[in-house]
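The values are calculated or read from the model by the stated rules, or taken from the named source; none is laboratory data. Just so we're clear, the structure is a prediction, and the values are computed from it rather than from any experiment. Here Cβ is always computed from backbone atoms with ideal geometry, including for glycine, and neighbour counts include all displayed protein chains. What goes into the accessible areas is simple: the full protein's heavy atoms, side chains included, and nothing from ligands, DNA or RNA. Shrake-Rupley method; radii C 1.70, N 1.55, O 1.52, S 1.80 Å.
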Amino acid sequence: MSTKYIFVTGGVTSSLGKGIICASLGRLLVARGLRVTIQKLDPYINVDPGTMNPYEHGEVYVTDDGAETDLDLGHYERFLDVKTSQDNNVTTGRVYYDVITKERKGEYLGKTVQVIPHITDEIKSHVLRLGQSDNYDVVITEVGGTVGDIESLPYIEAMRQLRYDVGRKNTLSIHLTLVPYLAAAGELKTKPTQHSVRTLSESGLSPDILVCRSEYDLDNSIRSKIAQFCNVENEDVIASLDAESIYEVPLLMREEGLDRRVIEKLGLPTKNPDLTKWTEFVERIKHPETRIQIALVGKYVEHHDAYKSIVEALIHGGAMNNAGIDIHWVQSDDLTEENVEKELGDVSGILVAPGFGGRGIEGKLSAVKYAREKQIPMLGICLGMQCAVIEFARNIAGMAGANSTEFDETTAYPVIDFMPDQRDIQEKGGTMRLGKYDCKLTEGSKAMMAYDKEMIEERHRHRFELNNELREKLIEAGLIVSGVNPERNLVEIIELENHPWYVGVQFHPELRSTVYDPHPLFVSFVKAALENSAVSTGSHTEKASI
Ligand code: GLN
């Protein structure tokens, strides 16, 4: 069977949830036994999102092979349980960078290099690379941005050409639009969809299926009207209503027949989708036995997308423990030794988030100290782990003024310092320690209990690490090093003695948590938080401190 290509474009407005629709369709196709991957094409000029700040872009999702990518790839992995890679996210910056590099090498010698065919060819080659890898039956390509944007045009043109290159019967065009409700008129309005489809069709890429985001169900008359004006069959107008949880969307799309229409149109030989496990998961998150509050301490908390994978991993960990998670967002800038009790006194667990730069550090230090003293389960991720080390050094190991050289280059105790190979790096793009590395766990540690194996692999994104020159001193003072990268002897996990659950990880476990394979550290953290809330008398101040 030749690989099938599905192109997903968006119209009317941004933020319609194209990534979730792609991930949901992907899940339904995987559930039918197909091998599927999803790719995101982003029309911005950055080579990757690694240099953008989280307010601008949300979380930067890191793949096993160390690509810094769009957060939609996180949804793809969580929904499909299929790993993505560098090839799954391509930006305009990357495309131009590669074309210009080839031009300088003389690969187009004699030719004028142009958007068509050179840029479009480069875009097509990224789509085909996945399709020709023999790993997938279906490649879903999500085109970022909104139809009509100047910067989306080369992508739309590349998709139009691809329909002919690989054969019309091997491709499908899905367009996601908005059908708004006008309260004053008391009506759903189809005009924006008509315009969006017209714009797309003018570029030669008519949609085969329309997925219509709407706050209200589309009745038959609306569906027929959209079908008639937009040149599709009634059955190809799929309503996508707001869902309580993103994990319900595959089930809603199944009810609407999205996957059925896709396989019919592409002539894919498949079985009925098996969604038993998925449905069970959705039931668990919709009807948990109990609920607990977890504080998420970070400096970008106004912008929840900055912590997308962490939030989802907490949901997965909660589901495994039959617990719903209420996140108490805590702005680290505002957290002090004085108000920490008020802010964190009622939570069952504290998660201290990753981050870059000195803003909000003192707040994070107050949070880890509070968790340590009050015996509250704490998961520190990357910068969160580094803060746990700094706080331990200052307050337990007697290293007054200990710090990371990221924030204080002249500290007497640089407990967190540049990794040796990072010191001389000048360029910012793609130069951190990125992607998957091995880690060996220590027998008897909380980490080992959670993972239940000795060797693990986790994804990284950092320049600093625990300073090996001060490691012994920290260990002597009681810090437990429970995970080490064997190749370079880098500390990857720290823990505390005499604490129910206090774990700091240099890597990002949240990036590997999926619905079908919830991350063991998150499962274990939520379990500890639940136990903590069970023993809690309502105030953590009454519990023993070490
Ligand atoms: N800023 C820290 C470093 O570069 C932590 C990075 C992170 O939290 N992802 O090491």
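Values for this structure:
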read-out	value
Residues within the stretch 416-425 that are in contact with a Ser or Thr (Cβ under 8 Å, 6 or more places away or on another chain) and part of a loop (DSSP other than H, G, I, E, B), tallied	1
Unique match (being in a loop (DSSP other than H, G, I, E, B) and under 19 Å from the mean Cα position of the chain (by Cα)) among 301, 297	301
Flag for residue 410 being out of contact with any Ser or Thr (no Cβ under 8 Å at 6 or more places or on another chain), more than 13 Å from the ligand (Cβ to nearest atom), at negative phi and of a type outside the set (Asp, Glu)	yes
Selection within the stretch 387-407 - within 13 Å of the ligand (Cβ to nearest atom) and open to solvent by 10 Å² or more (accessible area, probe 1.4 Å)	403, 405, 406, 407
Test: residue in the stretch 160-175 that is touching a Phe, Trp or Tyr at 6+ places or on another chain (Cβ under 8 Å), open to solvent by less than 20 Å² (accessible area, probe 1.4 Å) and free of Cβ contacts under 8 Å to residues at least 40 places away in the same chain	no
Among the candidates 338, 343, 362, residue that is within 16 Å of the ligand (Cβ to nearest atom) and out of contact with any helix residue (DSSP H, G or I) (no Cβ under 7 Å at 6 or more places or on another chain)	362
Number of the exception - residue 498 against (1) within 13 Å of the ligand (Cβ to nearest atom); (2) in a loop (DSSP other than H, G, I, E, B)	(1)
The lone exception for residue 179 - which of (1) aliphatic (A, V, I, L, M); (2) in contact with a Cys (Cβ under 8 Å, 6 or more places away or on another chain); (3) open to solvent by 20 Å² or more (accessible area, probe 1.4 Å) it fails	(3)
Every residue from the stretch 182-223 that is within 26 Å of residue 259 (Cβ to Cβ), open to solvent by 70 Å² or more (accessible area, probe 1.4 Å) and either aromatic (Phe, Trp, Tyr) or free of Cβ contacts under 8 Å to residues at least 24 places away in the same chain (or both)	216, 219, 220, 221
Every pair of residues 6+ apart whose Cβ atoms lie under 7 Å, when the first sits in the stretch 351-364 and is under 13 Å from residue 335 (Cβ atoms) while the second is open to solvent by 20 Å² or more (accessible area, probe 1.4 Å) and within 12 Å of the ligand (Cβ to nearest atom)	361/407
Residues within the stretch 426-448 that are more than 26 Å from the chain's Cα centre (by Cα) and either within 21 Å of residue 499 (Cα to Cα) or touching a residue at least 24 places away in the same chain (Cβ under 8 Å) (or both), tallied	4
Which numbered condition residue 297 fails, given (1) away from the ligand (no atom under 12 Å from the Cβ); (2) open to solvent by 10 Å² or more (accessible area, probe 1.4 Å)	(2)
Some residue of the stretch 58-76 being hydroxyl-bearing (Ser, Thr, Tyr) and more than 13 Å from the chain's Cα centre (by Cα)	no
Those strands (runs of 3 or more DSSP E) lying entirely in the stretch 426-493 with at least 1 residues open to solvent by 30 Å² or more (accessible area, probe 1.4 Å), over 19 Å from residue 510 (Cα atoms) and at pLDDT 95 or above	479-485
Search result, residues across the stretch 346-359 that are more than 20 Å from residue 506 (Cβ to Cβ) and within 16 Å of the ligand (Cβ to nearest atom)	359
Residues located in the stretch 14-38, provided they are of a type in the set (A, V, I, L, M) and touching a strand residue (DSSP E or B) at 6+ places or on another chain (Cβ under 6 Å)	16, 21, 29, 30, 34, 36, 38
In the stretch 147-159, residue modelled with the lowest pLDDT [restricted to those that are open to solvent by less than 20 Å² (accessible area, probe 1.4 Å) and in contact with a Ser or Thr (Cβ under 8 Å, 6 or more places away or on another chain)]	152
Filter result for residue 178 (closer than 30 Å to residue 315 by Cα and touching an Asp or Glu at 6+ places or on another chain (Cβ under 8 Å))	no
Filter pass, residue 227 being among the hydrophobic types (A, V, I, L, M, F, W, C), open to solvent by less than 20 Å² (accessible area, probe 1.4 Å) and farther than 25 Å from residue 279 by Cβ	yes
All positions within the stretch 233-253 that are surrounded by 21 or more Cβ atoms within 10 Å (Cβ to Cβ) and assigned to a helix (DSSP H, G or I)	236, 247, 249, 250, 253
Residue count for the stretch 183-232, restricted to those that are in a strand (DSSP E or B) and farther than 22 Å from residue 146 by Cα	1
Members of the stretch 129-148 that are over 23 Å from the mean Cα position of the chain (by Cα) and within 17 Å of residue 19 (Cβ to Cβ)	147
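Every residue, every condition in (1) more than 16 Å from the ligand (Cβ to nearest atom); (2) closer than 16 Å to residue 380 by Cβ, yes or no:
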position: 443; (1), (2): yes, no
position: 450; (1), (2): yes, yes
position: 460; (1), (2): no, yes
position: 473; (1), (2): yes, no
position: 481; (1), (2): yes, yes
position: 484; (1), (2): yes, no
position: 491; (1), (2): no, yes
